[in-house]
1. Can you list the residues, at least 5 places off or on another chain, whose amide H is less than 5 Å from the amide H of D125, using H built in the peptide plane?
2. Please list 3J(HN,Hα) in residue order for the stretch 60-72, calculated via the Karplus relation 6.51 cos²θ - 1.76 cosθ + 1.60 where θ = phi - 60°; whole Hz, with x for glycine and proline.
3. Could you work out the percent of alpha carbon pairs in the chain separated by over 22 Å, rounded to a whole number?
4. In what sequence do L20, L77, L61 fall when counting other Cβ within 10 Å, fewest first?
5. For a Förster distance of 25 Å, can you work out the FRET efficiency between the beta-carbons of M44 and L21, rounded to the nearest 0.05?
6. So how do T51, T30, T95, T106 line up by other beta-carbon neighbours within 10 Å, fewest first?
7. Give me H103, H119 sorted ascending by neighbouring Cβ count inside 10 Å, so fewest comes first.
Amino acid sequence: MRLAEGIQKHGFRKWYERQLLRSHACMALTFLCGIGVVAAFEGMTRFRDWTDQANNIIAVLICAGIGIWSLRRYLYLLNHAEMVANQAECASCGTYGRLRLVHAPTREGVHVCCAQCDHRWRIDD
């Protein structure tokens, strides 16, 4: 979910929480793919016939591909959420995470204002 949509629909704190949950779900998928790769390599040690070996090689490639994709997705989501969270503190009153969307996002970023003191600033998305 985009930052502006998330702030408008759920608020910043819920958006941030959802981003972290999504990123950690990708981390869990990476872990499961690692287990799949190890299991497929274990299956390759027991040579039965060429079709079993081909199936194990395909399983290794699929698990490795999905694992690499999910690891990249995990790192992207986590870094993006942390980058935005570092900008979510009001410079005027010091309130963290209580902000409202001022208007639609622009090329420069998302314009927000503090829910407590109405100070406005831009969050780079």
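Rule-based calculations on the coordinates, nothing more; no lab input. Given the structure is predicted, the values throughout are model-derived calculations rather than measurements. Counting neighbours? That spans all protein chains shown, and the Cβs are built from the backbone with ideal geometry, glycine included.
1. Residues meeting the criterion, in which the H sits 1.01 Å from N, are V110.
2. Once rounded to whole Hz, the list reads 4, 5, 5, 5, 5, x, 5, x, 5, 4, 5, 5, 4.
3. Numbers: 3923 of 7750 pairs.
The calculated P(r) of the chain puts 51 percent of pairs beyond 22 Å.
4. Values: L20 15, L77 20, L61 12.
Ascending number of Cβ neighbours within 10 Å: L61, L20, L77.
5. Values: r = 35 Å, r/R0 = 1.41.
Once rounded, the FRET efficiency stands at 0.10.
6. On the way: T51 8, T30 19, T95 15, T106 11.
Listed from fewest to most nearby Cβ atoms, that is T51, T106, T95, T30.
7. H103, H119
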